[in-house]
Amino acid sequence: MKNILFVISLFCCLNSYAQKDKTSSWVIQKGFSITTVDKHSFLSGVNYFNEGFIVPQSIKTLHIAVRAYSPTTGSTIKAPFAIQVKTRKKQFISKMVMEAGQFAVNIPLESMDTVAVIFIVPPPATEVVSFYLDYTICDIAKLDFTNKKPQEIFEQLLEYAATDFIDMRINSDGVFSKSKFPEGLFINNMANKYDYVIVQDIGNGLERPAADKDMVEWNNKIKGWLKEYNVTDIKRITKGSNALNTDEEETQYVKKNPKGQKLFTVTVFKQLKGDGTEADPSSYSTGIRIAK
């Protein structure tokens, strides 16, 4: 009887461990809306306006990114417009956007009051202007990796990926910015941010044995680092030919929330540097790609 109880207890402990998932504590609210302003919209003095609404589910930081565009052509409209962000109790932003056609800002929320985002277009309103509003409410990334261990930095990047790296990609004008981390993020090699993606270099100019070694070592390390994230969607993708020196491969680790929404994708990759041929082998680069 004692043996049976021990087995049952052990099974429960193992099952509980297998289900451990650090993403269950993440609180991230995302959404988007499209608001159109034309000559049939509301009037305020001589200006036309319309508004959209965001209903916060937590008191965190509201990140909004706005693009003004033509609904006919889809192209960004680089004409003046104004934007206001406010609740019934407080106005957060009142800003004129002159030329960029894009705007982004982080707003620390003080309550879960409904937030109105108001888009104002000066006359003449001869064309329709649509505003694409992308918003995220979450704990904003604090980009200080000082004195943190590689695994801690890696795990921090996973949570930032779920927010599309919003603090790592938008500059003050709301334009996607590129960043370089010359000393690396979780390894001492150059890392780069390309809009929604972080790429951490591992090796460059490698021959195949060294590149294959990187793949084995880093897949093992990433599996260990993801042990408490309950990642079950793992794919290995290959292309090209070893015989023709055109071989490339990557292993993808994909994490989704219970609603099926993707939180992050970690990819360990080996890719060609240039076009490899049977007669003239190319070198390889290896790295880690982190994205949503």
Tell me the label-point distance for the pair ASN257, VAL216, using the 7 Å Cα-to-Cβ offset, in nm and rounded to one decimal.
-> 3.9 nm
Convert each backbone phi in segment 194-204 into a coupling constant with the Karplus relation 6.51 cos²θ - 1.76 cosθ + 1.60 (shift: θ = phi - 60°), then list the ³J(HN,Hα) values in order as whole Hz, x for Gly and Pro.
-> 10, 6, 9, 10, 10, 10, 9, 5, 10, x, 9
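On alpha-carbon atoms, Rg over Rh for segment 43-151 using Kirkwood Rh? Working shown, then result.
Values: Rg = 16.4 Å, Rh = 15.5 Å.
So for segment 43-151, dividing Rg by the Kirkwood Rh gives 1.06.
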Tally Lys and Arg at +1 and Asp and Glu at -1 over the other residues with C-beta under 14 Å from the C-beta of ASP201: what net charge comes out?
-> +3
Can you spot the aspartates and glutamates whose alpha carbon is less than 16 Å from LYS235's alpha carbon? Ignore those fewer than 8 places along the same chain.
-> GLU248, GLU249, GLU250
Tell me, what is the percent relative contact order of segment 58-171, built from C-alpha pairs under 8 Å that lie six or more residues apart?
-> 34 percent
Kindly report, to the nearest 10 Å², the accessible surface of PHE92 as traced by a 1.4 Å probe over protein heavy atoms only.
-> 50 Å²
Quick one: helix 150-162 against the long Cα principal axis of the chain, what's the angle to the nearest 10°, folded into 0 to 90?
-> 40 degrees
For the pairs LYS86/LYS255; LYS213/LYS239; LYS90/LYS259; LYS227/LYS259; LYS221/LYS256, note any where the Cα-Cα span goes beyond 28 Å.
-> LYS86/LYS255; LYS90/LYS259
Expressed as a rounded percentage, what relative contact order does the chain have, with Cα pairs under 8 Å and six or more residues apart?
-> 17 percent
Would you kindly state how much longer the chain becomes between ASP195 and GLU183 on full extension, computed as 0.36 nm times their sequence separation minus their alpha carbon distance, in nm to one decimal?
-> 2.4 nm
Can you tell me the 0 to 90 degree angle between the C-alpha axis of helix 2-18 and the longest principal axis of the chain, rounded to 10?
-> 50 degrees
Quick one: work out Rg over Rh on the C-alpha atoms of segment 96-160, Rh as Kirkwood radius.
-> 1.14
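How would you rank 283-292, 196-205, 67-76, highest first, on the average number of other Cβ atoms within 10 Å across their residues?
Result, highest mean Cβ count within 10 Å first: 283-292, 196-205, 67-76.
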Give the relative contact order (percent, whole number) for segment 234-277; include only Cα pairs under 8 Å separated by 6+ residues.
-> 36 percent
With a Cα-only, solvent-free Debye model of the chain, what are the log10 I(q)/I(0) values at q = 0.07, 0.08 Å⁻¹?
-> -0.39, -0.49
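State the extension gain, in nm to one decimal, for the chain segment bounded by ILE153 and LYS39, taking 0.36 nm per residue of separation less the distance between their alpha-carbons. Don't skip to the end; give the middle numbers.
Values: separation 114, 0.36 × 114 = 41.04 nm, distance 5.02 nm.
Using 0.36 nm per residue and subtracting the Cα-Cα distance, I get 36.0 nm.
Please give the FRET efficiency for ALA243 paired with VAL46, using the beta carbon to beta carbon distance and R0 = 51 Å, rounded to the nearest 0.05.
On the way: r = 72 Å, r/R0 = 1.40.
With R0 = 51 Å, the Cβ-Cβ based efficiency is 0.10.
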Compare the peptides 240-249, 221-230 by average per-residue count of other Cβ atoms within 10 angstrom and give them in order, highest first.
-> 221-230, 240-249
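How much length is gained on full extension from GLU127 to ASP233, taking 0.36 nm per residue of separation minus their Cα-Cα distance?
Working: separation 106, 0.36 × 106 = 38.16 nm, distance 4.67 nm.
Residue separation times 0.36 nm, minus the Cα-Cα distance, leaves 33.5 nm.
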With DNA, RNA and ligands ignored, accessible area of MET96 (1.4 Å probe; Å², nearest 10) | 100 Å²
Report ³J(HN,Hα) in whole Hz for each residue of segment 108-116, in order, from the Karplus equation J = 6.51 cos²θ - 1.76 cosθ + 1.60 where θ = phi - 60°; Gly and Pro get x.
-> x, 7, 10, 7, 9, 5, 4, 9, 9
Which percent of the accessible heavy-atom area of the chain goes to carbon and sulfur, probe 1.4 angstrom?
-> 52 percent
In order over segment 221-229: 3J(HN,Hα) from phi, Karplus 6.51/-1.76/1.60, θ = phi - 60°, whole Hz, x for each Gly or Pro, gives 5, 5, 4, x, 5, 8, 4, 9, 10
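The values are calculated or read from the model by the stated rules, or taken from the named source; none is laboratory data. None of these values were measured; they are calculated from a predicted model. No Cβ is skipped: glycine too gets one built from the backbone with ideal geometry, and neighbour counts run over all protein chains shown. Calculation scope for accessible area: heavy atoms of the full protein, side chains included, ligands and nucleic acids excluded. Shrake-Rupley method; radii C 1.70, N 1.55, O 1.52, S 1.80 Å.
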